[in-house]
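Novice: What follows is a single structure, and I will ask about it in a moment.
The values are calculated or read from the model by the stated rules, or taken from the named source; none is laboratory data. What you are looking at is a predicted structure, and each value in this text was computed from that prediction instead of being measured. Here the Cβ positions follow ideal geometry from the backbone for every residue, glycine too, while neighbour counts run over all protein chains shown.
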């Protein structure tokens, strides 16, 4: 197998595994977590498409939620360094991501805000960049 194909496959596999772990952690709170049930109701889906992304096609962050923003979103590289922070306005369901300075790798996003202006929440997502 060609080395670049193997690396792309490995990055995609790690991204899928880490994405499912983040999804599991964000949707399943402890039994004492009073906001876990409301998180399941509003956080139906947050994802980046296309994933894996590249600089040729602009990836978008898609929000399929029952609650409106605004949401603060931060993107980190796999080492935990924050690369971007931006606000998603109220009612926006799709946000183009600027990955022009991103190297090939796995990235993690954290979106935070409040439900009905009261309950704080945090939603995680991940995506892969392949250049």
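Novice: From the residues in region 56-77 that are closer than 16 Å to residue 129 by Cβ and loosely packed, with under 14 Cβ neighbours inside 10 Å, which one is nearest to the chain's Cα centre (by Cα)?
Specialist: Among those that are closer than 16 Å to residue 129 by Cβ and loosely packed, with under 14 Cβ neighbours inside 10 Å, it is 58.
Novice: Here is a check on your reading of the model: is residue 37 out of contact with any helix residue (DSSP H, G or I) (no Cβ under 9 Å at 6 or more places or on another chain), assigned to a helix (DSSP H, G or I) and modelled with pLDDT under 75?
Specialist: yes
Novice: Got a number for residues in region 47-103 being free of Cβ contacts under 8 Å to residues at least 40 places away in the same chain, under 17 Å from residue 113 (Cβ atoms) and part of a loop (DSSP other than H, G, I, E, B)?
Specialist: Residues that pass the stated criteria total 8.
Novice: Now for a different question. Could you please find all residues in region 91-108 being closer than 17 Å to residue 130 by Cα and either surrounded by 12 or more Cβ atoms within 10 Å (Cβ to Cβ) or in contact with a helix residue (DSSP H, G or I) (Cβ under 7 Å, 6 or more places away or on another chain) (or both)?
Specialist: Result: 97, 98, 99, 102, 104, 105, 106, 107, 108.
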